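Each reported figure results from applying straightforward, stated rules to the coordinates on display, with no laboratory input. Just so we're clear, the structure is a prediction, and the values are computed from it rather than from any experiment. Note that we place each Cβ from the backbone using ideal geometry, even for glycine, and neighbour counts take in every protein chain shown.
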Amino acid sequence: MAHTLVGERREGETRVRSSDGIPVFESTYHFLIKADSLSASRMSILRDTTGLPIPGQTYLSDGFAMCRASNAIRRPDQPLYWDATCEFSTEVKESQDSQNPGSDPTTWKPVYETKFERIQEVVTEDASGVAIANSAGQPFENGMTRTRSIPVWEFFQFEAATVTDEQIIERNETVNDDTFKGRAAHTLLLCVQSSVIGFYYGARLRLTHYALKYNKATWKHKRLDVGTVFLGTVGEEEIDQLPYLDAGDPDNDIPPGVILGGLDGSGGKVDAGDPPAVLEFDMYTPIDFSAFLRT
């Protein structure tokens with residue numbers, strides 16, 4: 001038998017506070033409940049009282065604030081009666097769908113936070129497009145290392161408990177194999193921060209903390225194409241590795257010597273004063289992010 005909600009009491013509270021710069025409206029409602037018996041369980045008072053707001057499901061009449069918590073205290077002098085308090089708030093918690101909190105959590109679109117971190121990269125031209133080379137036009141072996149900030153989006157996502165640890169491990173430190181959320185392939189690096197299987201919203205689910213790191217220059221490893229040999233031909237012989245030589249100094253009987261010279265990306269020499277090509281190598285496995293991410 002259900003308990004009886006006698007009605008709403010006159011007491012009440014309302015307040016506005018700031019959460020990460022966003023105004024949050026909160027309100028407290030008080031109710032009087034009459035139990036169906038003196039032996040009624042404490043759980044049933046909140047669960048089986050028809051009309052009492054339910055946390056995570058009941059909204060205020062304006063549809064703006066949702067019930068976040070409820071509690072009930074038995075009157076010592078009238079043990080059939082319980083004073084109940086329900087807290088409402090407009091705040092949206094991490095990993096919670098503000099539109100339909102009663103839906104399947106594994107379909108919710110995560111709430112994300114934008115952060116920034118600094119990375120280092122090697123470039124062959126400065127910000128003005130000038131080649132990184134010495135005064136004789138010879139490129140430096142290691143190019144120039146530049147430090148810059150990149151955006152990082154962190155979010156939590158509910159997933160089915162059937163998602164295995166092995167699947168989570170395979171997702172860690174991977175890049176997008178195709179355009180994802182408007183970002184070109186290989187520009188997003190996915191890192192798994194943590195992944196926990198537990199009971200959430202009455203169901204056994206996996207809660208995974210992800211971080212997406214965006215590098216517009218891609219996450220491929222880049223190396224300057226330089227070497228002590230280049231690909232060339234001798235007479236009509238096929239292409240072979242030939243020593244990369246300087247001009248030497250004939251006037252002083254100094255023969256040409258082997259140097260570390262710039263290459264064009266196909267094994268050939270670059271023109272004097274031009275920077276070497278940049279070679280790219282895959283550091284991370286590309287996978288289909290859209291198959292499991294809901295951001």
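Below are the figures for this structure:
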quantity: Residues of the stretch 221-231 satisfying the condition of being assigned to a loop (DSSP other than H, G, I, E, B) and either without any contact (Cβ under 8 Å) to a residue 40 or more places away in the chain or in contact with a Ser or Thr (Cβ under 7 Å, 6 or more places away or on another chain) (or both); calculated: Thr228
quantity: Selected residue (only one of Thr162, Thr218 is surrounded by fewer than 14 Cβ atoms within 10 Å (Cβ to Cβ), assigned to a loop (DSSP other than H, G, I, E, B) and either in contact with a His (Cβ under 9 Å, 6 or more places away or on another chain) or free of Cβ contacts under 8 Å to residues at least 12 places away in the same chain (or both)); calculated: Thr162
quantity: In the stretch 259-295, the residues that are surrounded by 16 or more Cβ atoms within 10 Å (Cβ to Cβ) and part of a helix (DSSP H, G or I); calculated: Phe289
quantity: Hey, Asp240 without any contact (Cβ under 8 Å) to a residue 12 or more places away in the chain, closer than 28 Å to Arg146 by Cβ and exposed (fewer than 14 other Cβ atoms within 10 Å of the Cβ) or not; calculated: no
quantity: Long-range neighbours under 8 Å by Cβ, at least six apart or interchain, first residue closer than 27 Å to Glu280 by Cβ within the stretch 187-206, second basic (Lys, Arg) and exposed (fewer than 13 other Cβ atoms within 10 Å of the Cβ); calculated: Thr187/Lys216
quantity: Test: Ser266 is free of Cβ contacts under 8 Å to residues at least 40 places away in the same chain and more than 30 Å from Ile150 (Cβ to Cβ); calculated: yes
quantity: Members of the stretch 38-78 found to be loosely packed, with under 12 Cβ neighbours inside 10 Å and either within 19 Å of Arg9 (Cα to Cα) or touching a Leu at 6+ places or on another chain (Cβ under 8 Å) (or both), listed by number; calculated: Leu38, Thr50, Ser61, Ile73, Arg75, Pro76, Asp77, Gln78
